[in-house]
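Asker: Have a look at this one.
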Amino acid sequence: MSDPAKTRRHAERVRELVASLVREIKDPRIGMVTITDARITGDLRDATVYYTVLGDSAAEAGTAAALESAKGMLRSRVGHALGLRHSPSLTFVLDNVLDHAKEIDDLLAAARHQDAEVQRLAAGKQYAGDPDPYKTDEDDEERVGAREDM
């Protein structure tokens, strides 16, 4: 098992290599692909490459099929460029960054709506306790004066 810094370096290098090699693939099914990340196991045998595709689900499916068919060529070129004893096997995973971003935006919009609802319900209401629940200097002076009177 290699150290984590070496693993990170190799993962970054795999990402860069695959991103440059994808442009050389002549398959017409490949759409507008962006390689977003790559992760490699500690033994440097398996690499997972994350990618996004600009377009609809048909473009995503075509790109996935094209990357799967070009996996052998990409693996041999990446292994040769890395100079490792064993070329890492490549697994391509569609990175749904836009879907995750939309989900987060929807959650934030719902939170803003709930906050507005709370503000609307709280309008015109009063607190159950004192208007100023914190001690002030005047309170301390009253207590000191009460003690001196005793």
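Asker: Do we find that ALA61 is touching a Lys or Arg at 6+ places or on another chain (Cβ under 8 Å) and part of a helix (DSSP H, G or I) in this structure?
Answerer: No.
Asker: Same structure again: It is to be established whether one or more residues within segment 84-97 are of a type in the set (A, V, I, L, M, F, W, C), at pLDDT 90 or above and touching a Lys or Arg at 6+ places or on another chain (Cβ under 9 Å).
Answerer: Scanning segment 84-97, I find at least one residue that is of a type in the set (A, V, I, L, M, F, W, C), at pLDDT 90 or above and touching a Lys or Arg at 6+ places or on another chain (Cβ under 9 Å), so the answer is yes.
Okay, residues lined up against (1) modelled with pLDDT under 90; (2) part of a loop (DSSP other than H, G, I, E, B):
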| residue | (1), (2) |
| --- | --- |
| LYS6 | yes, no |
| ARG15 | no, no |
| SER20 | no, no |
| ASP43 | no, yes |
| ALA47 | no, no |
| GLY72 | no, no |
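Asker: Could you please give the count of residues in segment 32-51 that are surrounded by fewer than 18 Cβ atoms within 10 Å (Cβ to Cβ) and within 16 Å of SER69 (Cβ to Cβ)?
Answerer: Matching residues across segment 32-51 total 0.
Asker: Further, regarding this structure: Enumerate the pairs (first residue in segment 124-150 and acidic (Asp, Glu); second residue anywhere and modelled with pLDDT of 75 or more and exposed (fewer than 10 other Cβ atoms within 10 Å of the Cβ)) with beta-carbon separation below 8 Å, excluding pairs fewer than 6 apart on the same chain, so at least 6 apart or on different chains.
Answerer: As it stands, the answer is none, since no pair meets every condition given.
Asker: I'd like to know if segment 52-66 contains one or more residues that are within 17 Å of the chain's Cα centre (by Cα) and touching a residue at least 12 places away in the same chain (Cβ under 8 Å).
Answerer: Yes, segment 52-66 contains a residue that is within 17 Å of the chain's Cα centre (by Cα) and touching a residue at least 12 places away in the same chain (Cβ under 8 Å).
Asker: Consider only pairs whose beta carbons are under 7 Å apart and that are at least six residues apart or on different chains; among these, list those whose first residue lies in segment 77-104 and is under 18 Å from ALA11 (Cβ atoms) and assigned to a helix (DSSP H, G or I) and whose second residue is of a type in the set (D, E, K, R) and modelled with pLDDT of 85 or more.
Answerer: Pairs found: LEU82/ARG13.
Asker: Restricting to segment 10-31, name every residue that is surrounded by fewer than 15 Cβ atoms within 10 Å (Cβ to Cβ) and under 18 Å from ARG77 (Cβ atoms).
Answerer: GLU12, GLU16, SER20, ARG23, GLU24, LYS26, ASP27 - these are the residues of segment 10-31 that are surrounded by fewer than 15 Cβ atoms within 10 Å (Cβ to Cβ) and under 18 Å from ARG77 (Cβ atoms).
The values are calculated or read from the model by the stated rules, or taken from the named source; none is laboratory data. Since the structure is predicted, the reported quantities are computational estimates derived from the model, not experimental observations. Note that we place each Cβ from the backbone using ideal geometry, even for glycine, and neighbour counts take in every protein chain shown.
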